[in-house]
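Colleague: Sharing a structure here in structure tokens format.
What follows draws every value from the coordinates through simple rules; no lab data is involved. All values derive from a computational prediction rather than experimental measurement. Cβ: placed from backbone, ideal geometry, glycine included. Neighbour counts: every protein chain shown.
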Amino acid sequence: MALVQDNPIEVAGRCYLVAGAAGGLARPIVAALLKRGARLILMDTDEAGLDAMIADHGSENALSFTGDITDKAALDAAVDLGQTRFGRLDGGLNAAGLLPIAASDTMDAELFRRCIDVNLTGAFLFSQALAPALRAAGGGRILHIASVSSTVSNPAYAAYAGSKGGLAQVVRVLGREWAADAITVNAIGPALTETDLTRNYLSNPAFRAKAIGDIPMGRLGLPEDLIGPALLLFGPGGAFITGQTIYVDGGRTLV
Ligand SMILES: NC(=O)c1ccc[n+]([C@@H]2O[C@H](COP(=O)([O-])OP(=O)(O)OC[C@H]3O[C@@H](n4cnc5c(N)ncnc54)[C@H](O)[C@@H]3O)[C@@H](O)[C@H]2O)c1
């Protein structure tokens, strides 16, 4: 049988929208995509973080767009920018997120709502905004960053696990709805990884030791762990994978 894919992680010339682009998990994936010849719209609420990325990568193949993933008009404008400047969009990476950890007896209602709004509703709106552009391109790839909390039930994680469990189901439903349009919708579920999102929690030695002890491979995640899976899901090798949350977690979910 002929080799179908000479390079299963080929992304050269592909154009993607990245939300939460200035974050700790997004940055190495952004660098890997740009290094391999992709062109990106980098979206985040953190304008200074985006400016630093453009300073690093240059503005030829990366454009910044300051906007909130819960804002449908901002998402539509980011998609328009991609189509206008690159002529097409081939997919999107959503790595925007919040992590409020609090015992459920004391969890603030507004914080709970905001977590669901950004992590779940935002992920849905991001997908919805991309779909017409991807259909116009003849298909595409949507990739969200979910979490081991899509399936693990850590105490004090009701808001976060609720949002990420919901995200895994949204990914399944969208994968089914848009399969006939050759649009794949997937998520990567990382284990706890040191970034701005988690640094405060991990500075507590007991929290850190428990987090590492819960991971069979005996270490926290590294942002770089996500590069290979992300490239595969964007590249030819990911063409027939949809609706999945793929855990990249050193065995954290094997319980
Ligand atoms: N770090 C971890 O341990 C870990 C583990 C599993 C899953 N995740 C998930 O991965 C994603 C990225 O996390 P991270 O560790 O890189 O966090 P991070 O805080 O370093 O990055 C998140 C980025 O999202 C941006 N953002 C936040 N709210 C936004 C909004 N409303 N609109 C647009 N951008 C917004 C922030 O400005 C930031 O740049 C999140 O969804 C997180 O839940 C993280």
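Colleague: Over region 144-255, calculate the relative contact order: mean separation of alpha carbon pairs under 8 Å at least 6 apart, over the residue count, as a percent.
Modeller: 36 percent
Colleague: May I ask for the equivalent-ellipsoid semi-axes of the chain, computed as the square root of five times each C-alpha gyration tensor eigenvalue and listed largest first in whole Å? Don't jump to the answer; show the numbers that get you there.
Modeller: Numbers: eigenvalues 159, 82, 67 Å².
They are 28, 20, 18 Å, listed largest first.
Colleague: Follow-up question, since we're still on this one. Sum -39500 (n - 2.57) across every DSSP H segment of at least 4 residues in the chain, then divide by the residue count to get the 222 nm mean residue ellipticity, nearest 500.
Modeller: Calculated mean residue ellipticity at 222 nm is -12000 deg cm²/dmol.
Colleague: What number, in percent, do you get for the relative contact order of region 15-248 if the mean sequence gap of Cα pairs under 8 Å and at least 6 apart is divided by its residue count?
Modeller: Computed value for region 15-248: 20 percent relative contact order.
Colleague: What number, in percent, do you get for the relative contact order of region 21-122 if the mean sequence gap of Cα pairs under 8 Å and at least 6 apart is divided by its residue count?
Modeller: On the way: 102 pairs, mean separation 25.6, N = 102.
It rounds to 25 percent for region 21-122.
Colleague: Going 7 Å from the Cα of E110 in the Cα-to-Cβ direction, what parts of region 62-104 have a backbone nitrogen less than 16 Å from that spot?
Modeller: It comes to 100, nothing else.
Colleague: Among all helices in the chain defined by DSSP H, which have a length of 27 Å or more along the axis from Cα atoms plus a Kyte-Doolittle mean of at least 0.0?
Modeller: Working: long enough: 158-177 (28 Å, 0.19).
Helix filter hits for the chain: 158-177.
Colleague: Calculate the FRET efficiency for A180 and Q128 from the Cβ-Cβ distance with a Förster distance of 22 Å, rounded to the nearest 0.05.
Modeller: 0.85
Colleague: Right, next: Given a 10 angstrom Cα cut-off, can you work out which residue in G58, G139, G221 is the most mobile in a GNM of the chain?
Modeller: Comparing G58, G139, G221 in the GNM, the peak value goes to G58.
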